[in-house]
Amino acid sequence: MADYYTGRTKDGAKYRLMFVSGVNWDKCVGCGICIKVCANKILKFVNTEKGTKTTVVNRGDCLGEGHCIKLCPNNAINYEFLEKNKA
Ligand code: SF4
């Protein structure tokens with residue numbers, strides 16, 4: 001059975017960390033919520049042909065907390081669960 005990187009909620013419940021892998025620009029509306037909540041500044045605005053969007057920089061610094069993923073109103077942020085033996 002795979003062993004994934006995990007975190008704990010304030011209540012002590014265990015959950016799998018969600019590591020950001022990219023942003024779907026067809027869904028992103030450039031609201032910037034994800035940028036504001038990221039503690040490690042791995043997301044930033046970028047100008048595209050489709051308008052202002054968010055892109056991932058410093059992907060390796062993602063802590064896997066998943067705040068940006070949970071708060072994005074359009075489910076635009078792609079993520080993955082990392083197995084410990086594949087990281
Ligand atoms: S929160 Fe979602 S919609 Fe808003 S900028 Fe970030 S990825 Fe785009």
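The values are calculated or read from the model by the stated rules, or taken from the named source; none is laboratory data. Note that the structure is a prediction, hence the values are computed from the model and not measured. Counting neighbours? That spans all protein chains shown, and the Cβs are built from the backbone with ideal geometry, glycine included.
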Problem set entry | Complete set of residues in segment 30-62 that are buried (at least 16 other Cβ atoms within 10 Å of the Cβ) and assigned to a loop (DSSP other than H, G, I, E, B) | G30, C38, I42, C62
For this session: Output the number of the condition that E65 fails; it satisfies all remaining conditions of (1) at pLDDT 95 or above; (2) surrounded by 14 or more Cβ atoms within 10 Å (Cβ to Cβ); (3) within 29 Å of A13 (Cβ to Cβ).
Result: (1)
For this session: Could you please tell me which pairs satisfy a Cβ distance under 8 Å, a separation of 6+ or placement on different chains, a first residue in segment 65-84 that is on the phi > 0 side of the Ramachandran plot, and a second residue that is within 14 Å of the ligand (Cβ to nearest atom) and charged (D, E, K, R)?
Result: N75/K27
For this session: Only residues in segment 47-59 that are within 15 Å of I35 (Cα to Cα) and of a type in the set (K, R) count as the first member; pair them with residues that are modelled with pLDDT of 95 or more and within 9 Å of the ligand (Cβ to nearest atom), Cβ under 7 angstrom, at least 6 apart or cross-chain, and list the lot.
Result: K53/V23; K53/W25; K53/C28; K53/G30
Exercise. Would you call V37 in contact with a strand residue (DSSP E or B) (Cβ under 7 Å, 6 or more places away or on another chain), modelled with pLDDT of 95 or more and over 18 Å from T6 (Cα atoms)?
Worked result: no
Problem set entry | Where a residue in segment 4-25 is farther than 30 Å from T48 by Cα and free of Cβ contacts under 8 Å to residues at least 12 places away in the same chain and its partner, wherever it lies, is outside any strand (DSSP E or B) and among the β-branched types (V, I, T), with Cβ under 8 Å and at least six apart | Y15/T9
Exercise. For residues in segment 49-62 being at pLDDT 95 or above and not acidic (D, E), which is nearest to the ligand (Cβ to nearest atom)?
Worked result: T54
Problem set entry | Single residue of segment 1-19 satisfying the filter (hydroxyl-bearing (S, T, Y) and assigned to a loop (DSSP other than H, G, I, E, B)) that is nearest to Y79 (Cα to Cα) | Y5
Problem set entry | Filtered residues of segment 21-44 (kept if more than 8 Å from the ligand (Cβ to nearest atom), under 11 Å from V57 (Cβ atoms) and of a type outside the set (K, R)) | C38, N40, I42
